[in-house]
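Every read-out reported here was derived from the displayed coordinates using simple, explicitly stated rules and does not represent laboratory data. In this text, all values refer to a predicted model and were calculated from it rather than measured experimentally. Glycine gets a Cβ as well: all are built from the backbone with ideal geometry, and neighbour counts include every protein chain shown.
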Amino acid sequence: MFLADFHIHSKFSDGQMAIPEIVDFYGSRGFGAIAITDHLCELNTFIGTAARYLESTLTPAIFPFYIEMMKSEKQRAWDQYKMILITGVELSKNNILNSRSAHILGLGVTDWISADDDVADIARAIRAQGALAIAAHPVSTRKIEKQTYHLWDRREELTPMIDAWEVASGPFLFDEVADSKLPLIANSDLHRPSQIKAWKTVLDCERHEGAILEAIRKQKISFKMYEDDITNYGNNHHRRSTLLYRISPIITGNLGAA
Ligand SMILES: [Zn+2]
Ligand SMILES: [Zn+2]
């Protein structure tokens, strides 16, 4: 059994840590798999233009460097920590209206995808790469931040195209998602080290990318609240992870299958 976190931001978008720092941060805590998922924003909207200007989004010019960095860190993560590093993106449609905003994680994406298309087309483009399409924070996150309800509003139509829905992205469980029959996943949406205190996904499969993506598709996963009492994030000596609550995995049969 190993812990995994599939929603993490680096300095390539709006995260505080560089990719190698993230690898050391999770590797030293014994995680078995992580995905780095930097924002890839819609570029044809006002907010998208602002994001590009603030360098808080991946762009076609930067994307090859992101992929190269991920490749070399993938090898190091394995050699040093036996941890699988998955290349991901968070396709981000940010509208002034929450009901028109949507964030979709692509786990295993290695080719550029435009976030300007409709969410159904984005999910298809992610899956065409053999990657997983994940609905990020689909309901209220209870944090003061932009909310994204578009995917949830269209969940019936989108269910066949989305591999899993975040039942937590941070320390709060989303009851509506937990009570639904949808396939689930739990992540941190980590932008800074203190956000490690969050729900995580627990896997019991081989440590390679294909097996990990398949375990999510088949919902052979469970969830765990992870607490980490390292106050000085440079010091690894005092750490603990506490099992506070566990949801039984929901086996959805063919729902999440591609
Ligand atoms: Zn997001
Ligand atoms: Zn995010």
Identify the residue in the range 82-93 that is more than 9 Å from ligand 1 (Cβ to nearest atom) and not hydrophobic (A, V, I, L, M, F, W, C) and, among all such residues, is nearest to the chain's Cα centre (by Cα). G88
Take the residues in the range 59-71 that are aliphatic (A, V, I, L, M) and part of a loop (DSSP other than H, G, I, E, B), then tell me which one is farthest from G108 (Cα to Cα). A61
Does S56 fit the bill of being among the polar types (S, T, N, Q), in a loop (DSSP other than H, G, I, E, B), within 13 Å of ligand 1 (Cβ to nearest atom) and closer than 25 Å to A186 by Cβ? yes
Out of the residues in the range 133-160 that are surrounded by fewer than 20 Cβ atoms within 10 Å (Cβ to Cβ) and under 24 Å from I86 (Cα atoms), which is farthest from ligand 2 (Cβ to nearest atom)? P160
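Condition first: within 16 Å of ligand 1 (Cβ to nearest atom) and buried (at least 23 other Cβ atoms within 10 Å of the Cβ). Now tell me which residues in the range 161-176 satisfy that.
I162, A164, W165, E166, V167, A168, S169, F174
Yes/no per residue for (1) over 16 Å from the mean Cα position of the chain (by Cα); (2) of a type in the set (K, R):
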| residue | (1), (2) |
| --- | --- |
| P138 | no, no |
| R142 | yes, yes |
| H150 | yes, no |
| E157 | yes, no |
| D163 | no, no |
| D179 | yes, no |
| R192 | no, yes |
| E209 | no, no |
| K220 | yes, yes |
The range 36-73: number of residues that are closer than 17 Å to I22 by Cα, within 16 Å of ligand 2 (Cβ to nearest atom) and exposed (fewer than 14 other Cβ atoms within 10 Å of the Cβ): 0
From R76, R127, which residue is in contact with a strand residue (DSSP E or B) (Cβ under 8 Å, 6 or more places away or on another chain), assigned to a helix (DSSP H, G or I) and surrounded by fewer than 22 Cβ atoms within 10 Å (Cβ to Cβ)? R127
Residue under evaluation T87, criteria (1) in contact with a His (Cβ under 8 Å, 6 or more places away or on another chain); (2) part of a strand (DSSP E or B), criterion not met: (1)
